[in-house]
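Following: one structure in structure tokens, then a few remarks.
The values are calculated or read from the model by the stated rules, or taken from the named source; none is laboratory data. Quick caveat: nothing in here was measured; it's all calculated off a predicted structure. All Cβ positions, even for glycine, are placed from backbone atoms using ideal geometry, and neighbour counts span all protein chains on display. The accessibility values were calculated without ligands, DNA or RNA, using every heavy atom of the protein model including side chains. Shrake-Rupley method; radii C 1.70, N 1.55, O 1.52, S 1.80 Å.
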Amino acid sequence: ATLTLEEVFQDKIDNEIRIEPKDWMPEAYRQTLIRQISQHAHSEIIGMLPEGNWITRAPSLKRKAILLAKVQDEAGHGLYLYAAAETLGISRDEMYDQLHSGKAKYSSIFNYPTLTWADIGAVGWLVDGAAIMNQVPLCRNSYGPYARAMVRVCKEESFHQRQGFESLLVLSKGSPAQKRMLQEAINRWWWPSVMMFGPSDDASPHSAQSMKWKIKRFSNDELRQKFVDICAEQVKILGCTLPDPDLKWNEATGHYDFGEINWKEFWEVVSGNGPCNKQRLDARRNAWDEGQWVRDAASAHAAKRKQRMAT
Ligand code: FAQ
């Protein structure tokens, strides 16, 4: 019997053969990837803002150099991801338009403010830590260009997570005021980081299909649990606590139990009503508008060059 295109496609997925841009793929697979990869790209670009905010105020030359490198890495991640999404037939202009018009989502986490220097360390430890937990499995996702981009992204995220933890470790050995600042930053960033993994499995509309297509390898709740288990141990090294009275080691499950997530807050932030949503989008739109002359100049230069080559 001859196989249908759909069967050939699913067969490749089941046999761990990567799907490449020119291969036939179901339209829904293409759209799911465009949605996820572009949201991911937007997150990287918007994610530069909360940290970029501290570059001019980093407490030493060393910290400034590290932070600059990290924020530049995020820009690079955004660019690899936009390029991966473009292979699916959407243009970069369309994706930017979706972001600037408020139509596209980006990670909820970047709508929270970075109030003190300790927040920068907490973002590295917790936000990049959560990002790696979610992204390492994405290195094995079924779409070739996305999977290959993620390999490089993950190497850099791992540096980001470590620099964050190390900077918190220094604060943890500092003055009482520094220790207080550290604990307060952890208190602010813990729950939003736990929310980064998305809705719980029973409220996640895309999970079942994305697992079948091997875009996702683990469910939102599985990854969240791994993250909680790791952080519950690491926080002890900082001599701090996580702001969850229900956090408790469970001998029977071999995992930490943790408290109820505030899903109302999560959906408010996702739907545009978080503490910094407006500020973040305004900053992106301004950057886009103020960059118009650069795009114009580059296009004029390219047109002239093309003309010169033709004659
Ligand atoms: N925020 O059915 P599901 C970083 C939406 S790391 C906002 O579970 P799915 C590194 C979801 O889009 C952050 N929206 O969806 C960095 C969907 O809405 P839609 C970026 C969220 O796709 C660190 C709806 O809820 N990482 O940037 C969130 O199967 C430091 C239903 O959800 C990635 O994007 C959320 N937290 O699973 C940069 C990783 N969670 O589209 C700078 C790739 C869910 O129907 C500084 N993405 N939603 O309107 C993924 O792995 C997946 O897309 C999930 C969501 C796991 C995020």
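Considered as a group, the residues in segment 80-92 that are within 13 Å of the ligand (Cβ to nearest atom) and among the hydrophobic types (A, V, I, L, M, F, W, C) include one that is farthest from ARG30 (Cα to Cα), and that residue is LEU81.
Of all residues in segment 98-131, which are aromatic (Phe, Trp, Tyr), more than 10 Å from the ligand (Cβ to nearest atom) and part of a helix (DSSP H, G or I)?
Just the residues of segment 98-131 that are aromatic (Phe, Trp, Tyr), to begin with: 106, 110, 112, 117, 125.
Okay, now just the ones that are also more than 10 Å from the ligand (Cβ to nearest atom), so 112, 117, 125.
Result: TRP117, TRP125.
Only residues that are open to solvent by 10 Å² or more (accessible area, probe 1.4 Å) and closer than 15 Å to GLN98 by Cα were counted across segment 45-56, and they come to 1. Tell me yes or no: at least one residue of segment 232-243 is open to solvent by less than 80 Å² (accessible area, probe 1.4 Å), in a helix (DSSP H, G or I) and in contact (Cβ under 8 Å) with a residue 40 or more places away in the chain. Checking segment 232-243: at least one residue is open to solvent by less than 80 Å² (accessible area, probe 1.4 Å), in a helix (DSSP H, G or I) and in contact (Cβ under 8 Å) with a residue 40 or more places away in the chain.
Take ARG188 and decide whether it is more than 21 Å from LYS64 (Cα to Cα), of a type in the set (D, E, K, R) and in a helix (DSSP H, G or I). Walk me through it before giving the result.
Values: more than 21 Å from LYS64 (Cα to Cα): yes; of a type in the set (D, E, K, R): yes; in a helix (DSSP H, G or I): yes.
Yes: the conditions hold for ARG188.
Could you list all residues from segment 11-33 that are open to solvent by 20 Å² or more (accessible area, probe 1.4 Å) and under 28 Å from LYS105 (Cα atoms)? Scanning segment 11-33 gives ARG18, GLU20, PRO21, LYS22, ASP23, TRP24, GLU27, ALA28, ARG30, GLN31, THR32.
Residues that are open to solvent by 100 Å² or more (accessible area, probe 1.4 Å) and either in a helix (DSSP H, G or I) or in contact with a Cys (Cβ under 9 Å, 6 or more places away or on another chain) (or both) within segment 290-311 comprise GLU290, TRP293, HIS301, LYS304, ARG305, LYS306, GLN307, ARG308, MET309, listed in sequence order. On the stretch given as segment 208-219, residues that are near the ligand (Cβ under 9 Å from one of its atoms) and in contact with a helix residue (DSSP H, G or I) (Cβ under 6 Å, 6 or more places away or on another chain) total 2.
So which residues in segment 126-164 are aromatic (Phe, Trp, Tyr) and open to solvent by 10 Å² or more (accessible area, probe 1.4 Å)? Write out each step before concluding.
Keep residues of segment 126-164 that are aromatic (Phe, Trp, Tyr), which gives 143, 146, 159.
Once the filter is applied, which keeps residues that are aromatic (Phe, Trp, Tyr) and open to solvent by 10 Å² or more (accessible area, probe 1.4 Å), segment 126-164 yields only PHE159.
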